[in-house]
Amino acid sequence: MRFDIFSIFPEIFECYLQTSIMQRAIQRGLVTIETHNIRDWATDKHRMTDDEPFGGGGGMVMKPEPIFAAVEAVVGAPPACPVILLTPQGRLFDFGVAQELAQYERLALLCGRYEGVDERVRQALVSDEISIGDYVLTGGELPALVVVDAVTRLLPGVLGDPQAASQDSHATGLLEYPHYTRPAEFRGMKVPDVLRSGDHAKIARWRRRQSLLRTWQRRPDLLAKARLNEDDTEFLQELQRKQNREVV
Ligand code: ADE
């Protein structure tokens, strides 16, 4: 898979992409990530990428010409792949959207700054808009990294353990169970005996129930969409009955 990222601060991406799983995925050729400086396509004397808004008001707006020129030079006109604008006005990014994006061979990510981009970029260049949450960041660079990271993890061969991505929180529709490593006891806190029992069936059952319990406690909204078996439903009903008894 290939990502082309358009930004006026491409240096932001360097450190993150040269570390850990992202670095390995790039080195192994599982993903190609090219960053492009929009400023390189600005043609005026000062290589301006922003200007004052028509109609007045505070802040600056990213100019359309360098953005169109950059994206069209790199991905073609019309663009050969989806062009995604990172913006708080976009559809909310979640695991389902990451899975959807992982199906593409190539994606262009456009990072806005300032008050946003000229509306004509939205009208005639961008094919999708994504927000990573209901808050406003200084620019689309962090959101672009979030998207690149979450999508790359889903590509075949990126995670050492082929099952790792499918067991991540949200992949199963549930939050993950608690993890422990050595020491078996730390400051009086013991690792649950079942995890040291060597009984794999028992461990799997404990983990499943911990996932259900966590999701029920923290994100009950996820349970409505999760794939649950009979055992799961029974366990959740028991949790509910217990809670009802406590309330009474
Ligand atoms: N740019 C600024 N804030 C953003 C957000 N929450 N999601 C995506 N892009 C953004």
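The values are calculated or read from the model by the stated rules, or taken from the named source; none is laboratory data. Just so it is clear, the model here is predicted, and its values are computed rather than measured. Cβ sites come from the backbone with ideal geometry, for glycine too, and all protein chains shown count toward neighbours. These accessible areas exclude ligands, DNA and RNA; they are computed on the full protein's heavy atoms, side chains included. Shrake-Rupley method; radii C 1.70, N 1.55, O 1.52, S 1.80 Å.
The table below lists the values:
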item: Criterion: surrounded by 12 or more Cβ atoms within 10 Å (Cβ to Cβ) and over 30 Å from Gly160 (Cα atoms) - qualifying residue of Phe13, Phe54, Phe68; result: Phe68
item: Subset of segment 1-10 (residues that are open to solvent by 30 Å² or more (accessible area, probe 1.4 Å) and in a strand (DSSP E or B)); result: Arg2
item: Residue match in segment 111-121 (condition: under 20 Å from Ala150 (Cβ atoms), within 16 Å of the ligand (Cβ to nearest atom), modelled with pLDDT of 95 or more and hydrophobic (A, V, I, L, M, F, W, C)); result: yes
item: Extreme residue, farthest from Pro143 (Cα to Cα), among residues of segment 71-91 that are open to solvent by 40 Å² or more (accessible area, probe 1.4 Å) and among the small types (Gly, Ala, Ser); result: Ala77
item: Filter result for Arg24 (under 25 Å from Met1 (Cα atoms) and modelled with pLDDT of 95 or more); result: yes
item: From Ala77, Ala108, Ala69, residue being part of a helix (DSSP H, G or I) and small (Gly, Ala, Ser); result: Ala69
item: Count of segment 81-110 residues which are touching a helix residue (DSSP H, G or I) at 6+ places or on another chain (Cβ under 8 Å), within 19 Å of Pro156 (Cβ to Cβ) and either within 12 Å of the ligand (Cβ to nearest atom) or in contact (Cβ under 8 Å) with a residue 60 or more places away in the chain (or both); result: 4
item: Filter pass, Thr49 being closer than 30 Å to Gln167 by Cα and of a type in the set (Val, Ile, Thr); result: no
item: Scope segment 16-44; condition touching a helix residue (DSSP H, G or I) at 6+ places or on another chain (Cβ under 6 Å), open to solvent by 50 Å² or more (accessible area, probe 1.4 Å) and closer than 14 Å to Ala144 by Cα; matching residues; result: Tyr16, Thr35
item: Helices (runs of 4 or more DSSP H) within segment 112-184 that include 3 or more residues under 30 Å from Gly56 (Cβ atoms); result: 119-124, 141-152
item: Those residues of segment 133-175 which are closer than 17 Å to Met22 by Cβ and within 16 Å of the ligand (Cβ to nearest atom), in sequence order; result: Glu141, Leu142, Pro143, Ala144, Leu145, Val146, Val147, Val148, Asp149, Ala150, Val151
item: The one condition in (1) within 16 Å of the ligand (Cβ to nearest atom); (2) over 30 Å from Ala80 (Cβ atoms) that Thr181 fails to fulfil; result: (1)
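Residue-wise test of (1) touching an Asp or Glu at 6+ places or on another chain (Cβ under 8 Å); (2) of a type in the set (A, V, I, L, M); (3) farther than 30 Å from Tyr104 by Cβ; (4) outside the structural domain of Ala98 (by TED's automatic domain parsing).
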position	(1), (2), (3), (4)
Gly157	no, no, no, yes
Arg208	yes, no, yes, yes
Leu213	no, yes, yes, yes
Asn229	no, no, yes, yes
